[in-house]
Amino acid sequence: MSAGTDTTKPVHRWRAFAVLAVSFFMTVADLAIVNVALPTIGRKLHMSESSLQWVVTGYALTFGGFLLLGGRAADLLGRRRILLVGLAVFTLASLGCALATTDSVLIPMRCLEGLGAAIVLPAALSIVMNMFPDGAERNKALGVWGAIGASGATVGVIAGGLLTRYVGWQSIFFLNVPIGAAALALAPRIVPESRLATQRRRYDPFGAVSVTGGLSLLVYAVSTAPQAGWATARTVTLLAVSVALLAAFLVIETRVEAPLMPLRIFRSRTLAGANAVSLLLGGSFFAFIFIGTLYMQQVLGYSALTAGLAWLAASLTSVAFAGLSQALVTRGSAKLVMAAGMAMIGGGILWATQVPVHGRFWSSLAGPFIVVGLGTAFAFIPVSIAALAGIARHEAGLASGLLNTSQQLGGAIGVGVASTIAATRAGTLLHHGAAAGAALTGGFQWAFWVCGAIGLAGVPVTFLLVRRHELASAVAASASPKPEPVRAEV
């Protein structure tokens, strides 16, 4: 069994990479782009608070739930073919979101948009893995990929603020339409096709149903727990069912002939460690963006535009130091770079716990934002490489789907936990007579403590699970790997 690989010239590989990178950036930025626009969307569509949170939750639900299935479908059915399907779904759903006039249309379209993103992401990353078989070029590509992931969320917040202020909230969704259409037009021409070459395609329907159902229920339970309550029968039941489904998935994977996720993939401690760090990275960083944006808008009174521009400190820092991070990783310091990145993310968020009620950007937020931005540049790149260390090209879709699943689950759990802590603490302070601004600030400070602790937890996980020699082998892979039988489709 083998996988098709690209046979085009290097220049064509990088042109194809550009299309894939734009597709990746579009889906990552869309996770955060609606955050600063939510108050405007709520007013314009007359949405209740409970309905409004589904604009974010609906996307995360299908995104996190279908990533593994999307990755395996790409390996079996053709990575470019699945990429095109995902782009079409994402683009049409974005158009539906832009044209929505009620929450009953917007929320289902956001769910469909998340499904499209779950199909695009693992397919795109697995194509990158198959196009760049040699260590130097692959690590360069993964370095750029990691930088895009690090900056995507903050750029999304900035773009959301600018577009909402000057064009209208619909434009944050309209923006995806021409980009998606261009990617759909270019991909068949310059992106190579590849797939898992087998005598017969075998599927794992029971594994697919159990893991997709389990992940979707987990994201749903965590996302709605802040409103429903963590200790309510509803939340506890949903969490119990999701755990049961995921346990059933693990049992199924040990018994079927062609498992959706072969458990042997976790024999690599480095891969397991990278996914654990990715979970913590998503839980700390995405929750920090969510809580930080709420603090700026609800306490400091920032507009959508001002809140978006404030995140430039993190985004520009991340982009500026991505090259240094890649250079350090290439020179054999990937494990230390990963640990340093997580330490900076956690430390920067803990710095933000001192934000006051009447804070100012330069004295209260600029420092934490810059440190966290630096941390994302150092964390995303080695995590992306480590999660694919030692993975055969025919399992690239599975590994990339697993990496993105870990990150999105971490983000959903982190936002849910941080929101609950912030709301609970603020409610307690209000009950004891605190002013609204002081109560909200107190709640956000507690949430920052938790987000920072989640980020710092990535440091011991890195040292305990990520093996230096496995990661070094991935970084310094031979520039001329042994040939293997392939079936390429261009």
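The values are calculated or read from the model by the stated rules, or taken from the named source; none is laboratory data. Every value quoted in this text rests on a predicted model; they were computed, and no experiment measured them. Cβ sites come from the backbone with ideal geometry, for glycine too, and all protein chains shown count toward neighbours.
Yes or no, residue by residue, for (1) touching a Lys or Arg at 6+ places or on another chain (Cβ under 6 Å); (2) modelled with pLDDT of 90 or more; (3) in a helix (DSSP H, G or I); (4) among the basic types (Lys, Arg):
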{"site": "Arg15", "(1), (2), (3), (4)": "no, yes, yes, yes"}
{"site": "Ala18", "(1), (2), (3), (4)": "no, yes, yes, no"}
{"site": "Ser23", "(1), (2), (3), (4)": "no, yes, yes, no"}
{"site": "Val28", "(1), (2), (3), (4)": "no, no, yes, no"}
{"site": "Leu38", "(1), (2), (3), (4)": "no, no, yes, no"}
{"site": "Thr62", "(1), (2), (3), (4)": "no, no, yes, no"}
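Out of Thr420, Thr428, one residue alone is surrounded by fewer than 22 Cβ atoms within 10 Å (Cβ to Cβ), among the hydroxyl-bearing types (Ser, Thr, Tyr), assigned by TED's automatic domain parsing to the domain that holds Phe24 and in contact with a helix residue (DSSP H, G or I) (Cβ under 7 Å, 6 or more places away or on another chain). It is Thr420.
Listed by first and then second residue, the pairs linking a residue in segment 204-232 that is at pLDDT below 85 to a residue that is of a type in the set (Val, Ile, Thr) and not in a helix (DSSP H, G or I), with Cβ atoms under 6 Å apart and 6 or more places separating them unless they lie on different chains, are Asp204/Val256. With respect to being surrounded by fewer than 19 Cβ atoms within 10 Å (Cβ to Cβ) and among the acidic types (Asp, Glu), Glu253 falls outside the description.
On the given criteria, is Ser400 without any contact (Cβ under 8 Å) to a residue 24 or more places away in the chain and of a type in the set (Gly, Ala, Ser)? In short, no. Per the listing Ala74, Ala150, Ala124, Ala117, the residue uniquely in contact with a Ser or Thr (Cβ under 8 Å, 6 or more places away or on another chain), more than 30 Å from Phe321 (Cα to Cα), surrounded by 24 or more Cβ atoms within 10 Å (Cβ to Cβ) and aliphatic (A, V, I, L, M) is Ala74. Every test in (1) in contact with a helix residue (DSSP H, G or I) (Cβ under 6 Å, 6 or more places away or on another chain); (2) without any contact (Cβ under 8 Å) to a residue 12 or more places away in the chain is passed by Ser171 save one, and that test is (2). Where helices (runs of 4 or more DSSP H) fall entirely within segment 292-390, those with at least 2 residues that are in contact with a Lys or Arg (Cβ under 9 Å, 6 or more places away or on another chain), of a type outside the set (Val, Ile, Thr) and assigned by TED's automatic domain parsing to the domain that holds Asn130 are at 304-310, 334-351, 366-386. Each residue in segment 38-97 was checked for being closer than 16 Å to Leu125 by Cα and of a type in the set (A, V, I, L, M), and 12 of them qualify. If the condition is being more than 15 Å from Val355 (Cα to Cα), more than 22 Å from the chain's Cα centre (by Cα) and aliphatic (A, V, I, L, M), then segment 297-313 contributes Ala304, Leu305.
Here the condition is being touching an Asp or Glu at 6+ places or on another chain (Cβ under 7 Å) and touching a residue at least 40 places away in the same chain (Cβ under 8 Å); of Leu305, Leu281, Leu260, Leu316, it holds for Leu260 alone. Arg165 falls short on exactly one of the conditions (1) in the same structural domain as Tyr302 (by TED's automatic domain parsing); (2) at pLDDT below 90; (3) under 23 Å from the mean Cα position of the chain (by Cα), and that condition is (3).
Glu484 falls short on exactly one of the conditions (1) in a loop (DSSP other than H, G, I, E, B); (2) at pLDDT 90 or above, and that condition is (2).
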